[in-house]
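*Asks:* One structure follows; several queries about it will come next.
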Amino acid sequence: MIYNRQPSGPGRKRPPTSPGKRKDPKTLNTAKEMAEAYRMLFEIETNLREFVRKTHQKQYGHTWGKNDDIQIDLNNATFFQITTYLTRNPAMSFKFTSKEISDLISLKSVRNKVCHMRPISDKEFQQLEQCYRMVKSKSKRIV
């Protein structure tokens, strides 16, 4: 029988340190910031989905999902598909300025970094915060 054993002695590799034992404050700060960035992205995407849903309900009624002119599956649409939809749908295009749409589309690279656990710069974090505030503000206006 062959056993998978770690070599013993001075050449043996140490197991990685568990996250709870790591005391590097910079890493801890980055982890907290990344968690906050993920939360903001989640809320932006969720609010945009709800924004589209409510806008269509106002314009087309509660059966808007059966309208052939509406070409989006909100349950499965990606962030990029939703932001692109905002620019291409007449019911949505007047709700956001071209700069706001551009800002949302430019979040794609920030979103990819956050979702793939790559640190983002302070500038990118501020960009995310700005878009987060804008989307929250817009979503409060539509009821």
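The values are calculated or read from the model by the stated rules, or taken from the named source; none is laboratory data. This is a predicted model, so every value here is computed, not measured. Note that each Cβ is placed from the backbone with ideal geometry, even for glycine, and that neighbours are counted across all protein chains shown. Calculation scope for accessible area: heavy atoms of the full protein, side chains included, ligands and nucleic acids excluded. Shrake-Rupley method; radii C 1.70, N 1.55, O 1.52, S 1.80 Å.
*Asks:* List the number of the failed condition for Val52; all other conditions in (1) part of a helix (DSSP H, G or I); (2) surrounded by fewer than 17 Cβ atoms within 10 Å (Cβ to Cβ) hold.
*Replies:* (2)
*Asks:* When you scan the stretch 129-143, how many residues do you find that are surrounded by fewer than 13 Cβ atoms within 10 Å (Cβ to Cβ) and over 16 Å from Leu41 (Cβ atoms)?
*Replies:* 4
*Asks:* Of the residues in the stretch 77-96, how many are open to solvent by 70 Å² or more (accessible area, probe 1.4 Å) and either farther than 20 Å from Met40 by Cβ or not polar (S, T, N, Q) (or both)?
*Replies:* Counting residues in the stretch 77-96 that are open to solvent by 70 Å² or more (accessible area, probe 1.4 Å) and either farther than 20 Å from Met40 by Cβ or not polar (S, T, N, Q) (or both) gives 4.
*Asks:* When you look at Phe42, is it assigned to a helix (DSSP H, G or I) and modelled with pLDDT of 70 or more, yes or no?
*Replies:* Answer is yes for this residue.
*Asks:* Still on this structure: Suppose we filter the stretch 113-128 for residues that are open to solvent by less than 60 Å² (accessible area, probe 1.4 Å) and either assigned to a helix (DSSP H, G or I) or not hydrophobic (A, V, I, L, M, F, W, C) (or both); how many remain?
*Replies:* Looking only at that region, the number is 7.
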